[in-house]
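Right, one structure below, let's go through it.
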Amino acid sequence: MFNTKLQPAQWRCDEEGHLYAPEFNDTYASRSGAWGQADYVFVEGSAVAQRWHTQGCVRVLETGFGLGVNFLATWDSLRVNAGTARLHYVAIEKHPFTRDDLRTALDHALSNADPHRRVGLQALAEQLLKQWPPMLAGFHAIELDDQVTLTLIFADINDALPALRGPFDVFFLDGFAPDRNPQMWSAALLTQLPALAAPSAQVASWCVAGAVRRALVDAGFVVEKRPGFGGKRDALAARWPDKAEFVNPPHEAIVIGAGIAGASVARQLARRGIAVKVLEQATPAAGGSGNPVAIVRPELGAIGNPVTEITAAGASWLRRWIESHPDGVPHAWCGVMRIARDTRKHDKMAQLATIASEDWLKPVDVASAAQLCGWPTAADGFFLNEAGWVAPPLLVQAMLDHPLITLHSGHAVSNIARHDQTWHVTLADVSVIETSLLIVATAFDTGLAPARLTMGRARGQLSQLPARDDHPLAMVVCREGYVSPAVDGMHTVGATLQHDDEDTSARRADDIENFERLQRLLPDFVSDASQLSSGRVAWRATTQDRLPLVGKLAPGLYATLGHGARGMTTAPLCAEFLAAMICDEPLPLGGDWVERFNPIRMARE
């Protein structure tokens, strides 16, 4: 998350009906046709179509997303020509459109597309619009289907480009004209491209300004002109001279653990064509992922707080994933009312609200909070419109439901060891399975990692409260705990937090503690603790810095552990992060997260 408030794009139509940006006094595409320019200058000019047949995944970086015309044209080329190839498209945009404005502008642009192609492009545009992210600065990774990932970076390019981690096969340079938006074409910016370039990377642009060509040459690119599109005489084509064979990712993998972390990483590997065996000592979602309800929301903190950043990105990612996989995962994006526990915490949330759009985070007074929730709250709060709840066991089941994933329940792992280039996984029955790619996703450090990892083990107990017609609750309400709306006739309240406590039994004292927690959220929502019944007991794997352990442990060995109380929010996005790392794709977060997540940071001597 970049520490700035977004200024959404504005657009107008000129006298000739062309879309233009008033701030830059420039059109969004060639006056000779947006779709023709996208096809000829960018898709054809970068030879991206040839890569569909030689690479498993083509990685594109665009400077300036605009209406998304270049992206949609590239996606359309993949759909028509690529077979099983994948597209990972990253675009930087300082002034993104709101969803409604983008829909209107795209409708206008599509009205000028070739009628024979328009229906297909309209379908792709609708998929994009359905998953369009909130107006929040930062990285927004969007899984449009099993072949296409779009990562939008809403930020100034001077902030976004250094945060990127490549490599990229293709660069689309498509900002507004250099005399209207010079920073998009500066030599300082263009000289950063080699660090992001894959061998034989290609650059395409309509811009052939001498300063741009000289900057690319100075950076090491081989630059040439090609015939231009429409009224332009020339277009730019460049290539990075280094050549190498494209290395495909592994064909198979083993994941140890079938909670939300293991199920998510198995799914993200499988969508990349990797066959995955998931080994689970009990049954899927047997641990913390088995709770009846989990809250999916950002953890609101100070601007720049890493926990706030990862939970904000993770909540948005999971929401988009669930909405694109609508069958079988009970959930509701009903909103979350977050109440601060003290003035210091309240001030941090209020500061965060100054850089967020109101459709993502909105401060509300006590009266407004009561109206939104359907019951008086203990204090004023902050309304998170795009948050809500999900049923964890069925989410895990949905993640595992893929033809390339094979689940092996009742398979406890006793040891892992590396021999030559292969990991040997020894099961409790002494049988051995071999793999070149192994991911440990057991929530806790169980001694399988080569280095012992420091994690805490925190017990938590939920309580439940029957729904009553005279006590409707419209959304989740959180403070140091939470209460959910009624799901299957029951509110969930919790959860307690006890360290160094291995008691598996539900305790009445914990229900009383949850009742007191509920009173600090919704005073008098219930009259006494006897109305609460004991719910599920589970353990959370915690880390000292409250960030999960995600990354490489050794050659061919990776981990996604320690997601704590926010596993439903963080683990799915971290699975995409880990799969992208394994497959050498652009990361769904900034490159600094490689070290922030690095599991070895918690290694014990």
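The values are calculated or read from the model by the stated rules, or taken from the named source; none is laboratory data. Quick caveat: nothing in here was measured; it's all calculated off a predicted structure. When we count neighbours, we look across all protein chains shown, and the Cβ atoms used for this are built from the backbone with ideal geometry, even at glycine. Quick note on the areas: whole protein, heavy atoms, side chains included, nothing else; ligands and nucleic acids left out. Shrake-Rupley method; radii C 1.70, N 1.55, O 1.52, S 1.80 Å.
Sort out which residues of segment 97-119 are free of Cβ contacts under 8 Å to residues at least 40 places away in the same chain, part of a helix (DSSP H, G or I) and farther than 10 Å from Trp11 by Cβ, and write them in order of number. If the condition is that a residue be free of Cβ contacts under 8 Å to residues at least 40 places away in the same chain, part of a helix (DSSP H, G or I) and farther than 10 Å from Trp11 by Cβ, then Arg99, Asp100, Arg103, Leu106, Asp107, Leu110, Pro115, His116, Arg118, Val119 are the ones that fit. Residues considered: Arg540, Arg508. Of these, the only one that is closer than 14 Å to Ala495 by Cα, more than 36 Å from the chain's Cα centre (by Cα) and of a type outside the set (Phe, Trp, Tyr) is Arg508.
Specify the residue that is farthest from the chain's Cα centre (by Cα); the eligible residues are those in segment 63-83 that are crowded, with 24+ Cβ neighbours inside 10 Å and not in a helix (DSSP H, G or I). Among them, the one singled out is Gly66. The strands (runs of 3 or more DSSP E) found wholly in segment 175-241 and carrying at least 3 residues that are among the charged types (D, E, K, R) occupy 222-227.
Scanning segment 125-157 for residues that are open to solvent by 10 Å² or more (accessible area, probe 1.4 Å), touching a Leu at 6+ places or on another chain (Cβ under 8 Å) and in a helix (DSSP H, G or I) yields a single hit, Gln127.
Restricting segment 415-445 to residues that are in contact (Cβ under 8 Å) with a residue 12 or more places away in the chain, touching an Asp or Glu at 6+ places or on another chain (Cβ under 9 Å) and outside any loop (DSSP other than H, G, I, E, B), the residue that is nearest to Leu269 (Cα to Cα) is Thr435. Between a residue in segment 191-217 that is without any contact (Cβ under 8 Å) to a residue 40 or more places away in the chain and within 16 Å of Val48 (Cβ to Cβ) and any residue that is not in a strand (DSSP E or B) and not polar (S, T, N, Q), which pairs come within a Cβ distance under 6 Å, given they are 6 or more apart or on different chains? The qualifying pairs are Ala201/Trp240.
Only one of the listed residues (Asp488, Asp445) is in contact with a Leu (Cβ under 8 Å, 6 or more places away or on another chain) and of a type outside the set (S, T, N, Q). That residue is Asp445. Report, by residue number, each residue of segment 343-397 that is within 30 Å of Gly262 (Cβ to Cβ), open to solvent by less than 30 Å² (accessible area, probe 1.4 Å) and not in a loop (DSSP other than H, G, I, E, B). The answer is Leu384, Gly388, Trp389, Val390, Pro392, Leu395, Val396.
Every condition in (1) surrounded by fewer than 18 Cβ atoms within 10 Å (Cβ to Cβ); (2) assigned to a strand (DSSP E or B); (3) touching a Cys at 6+ places or on another chain (Cβ under 9 Å) holds for Val550 except the one numbered (1). Here Thr492 does not qualify as without any contact (Cβ under 8 Å) to a residue 60 or more places away in the chain, more than 24 Å from Thr543 (Cα to Cα) and β-branched (Val, Ile, Thr). Taking segment 310-328 as the range and being open to solvent by 10 Å² or more (accessible area, probe 1.4 Å) and over 11 Å from the mean Cα position of the chain (by Cα) as the test, the residues that pass are Glu323, Ser324, His325, Pro326, Asp327, Gly328. Cβ-Cβ contacts under 7 Å between residues 6 or more apart (or on different chains), taken from a first residue in segment 37-61 that is open to solvent by 20 Å² or more (accessible area, probe 1.4 Å) to a second residue that is modelled with pLDDT of 90 or more and assigned to a helix (DSSP H, G or I), are listed as Asp39/Ala73; Ala49/Val43; Ala49/Ser77. For the residues Arg239, Arg267, Arg233, the requirement of being open to solvent by 10 Å² or more (accessible area, probe 1.4 Å), closer than 21 Å to His408 by Cβ and of a type in the set (D, E, K, R) singles out Arg267.
Scanning segment 561-592 for residues that are crowded, with 24+ Cβ neighbours inside 10 Å and without any contact (Cβ under 8 Å) to a residue 40 or more places away in the chain yields one hit, Phe577. For Phe525, the conditions (1) crowded, with 17+ Cβ neighbours inside 10 Å; (2) under 35 Å from the mean Cα position of the chain (by Cα) are fulfilled apart from (2). Flag: Leu106 does not match the condition of being at pLDDT 95 or above and either within 27 Å of Cys207 (Cβ to Cβ) or within 20 Å of the chain's Cα centre (by Cα) (or both). Only residues that are open to solvent by 40 Å² or more (accessible area, probe 1.4 Å) and of a type outside the set (A, V, I, L, M) were counted across segment 84-124, and they come to 18. Counting residues in segment 10-33 that are of a type in the set (Ser, Thr, Tyr), farther than 26 Å from Ser111 by Cβ and either open to solvent by 50 Å² or more (accessible area, probe 1.4 Å) or part of a loop (DSSP other than H, G, I, E, B) (or both) gives zero.
Selection of segment 446-499 for residues being open to solvent by less than 30 Å² (accessible area, probe 1.4 Å), not hydrophobic (A, V, I, L, M, F, W, C) and not in a strand (DSSP E or B) yields His471, Gly481, Ser484, Pro485, Thr496. From the list Arg344, Arg338, the lone residue that is touching a strand residue (DSSP E or B) at 6+ places or on another chain (Cβ under 7 Å) and among the basic types (Lys, Arg) is Arg338. When you scan segment 410-428, do you find a residue that is open to solvent by 10 Å² or more (accessible area, probe 1.4 Å), closer than 24 Å to Ala313 by Cβ, of a type outside the set (D, E, K, R) and out of contact with any Gly (no Cβ under 9 Å at 6 or more places or on another chain), even just one? Checked segment 410-428: no residue is open to solvent by 10 Å² or more (accessible area, probe 1.4 Å), closer than 24 Å to Ala313 by Cβ, of a type outside the set (D, E, K, R) and out of contact with any Gly (no Cβ under 9 Å at 6 or more places or on another chain). For the condition in a helix (DSSP H, G or I), crowded, with 24+ Cβ neighbours inside 10 Å and under 15 Å from the mean Cα position of the chain (by Cα), Ala261 qualifies.
Residues in segment 330-342 that are out of contact with any Lys or Arg (no Cβ under 9 Å at 6 or more places or on another chain), hydrophobic (A, V, I, L, M, F, W, C) and either under 26 Å from Pro96 (Cα atoms) or part of a loop (DSSP other than H, G, I, E, B) (or both): 1 in all.
Residue count for segment 158-174 satisfying the condition of being open to solvent by less than 10 Å² (accessible area, probe 1.4 Å) and under 25 Å from Leu19 (Cβ atoms): 5.
The sole residue among Phe515, Phe525 that is farther than 30 Å from Asn305 by Cα, of a type in the set (Phe, Trp, Tyr) and not in a loop (DSSP other than H, G, I, E, B) is Phe515.
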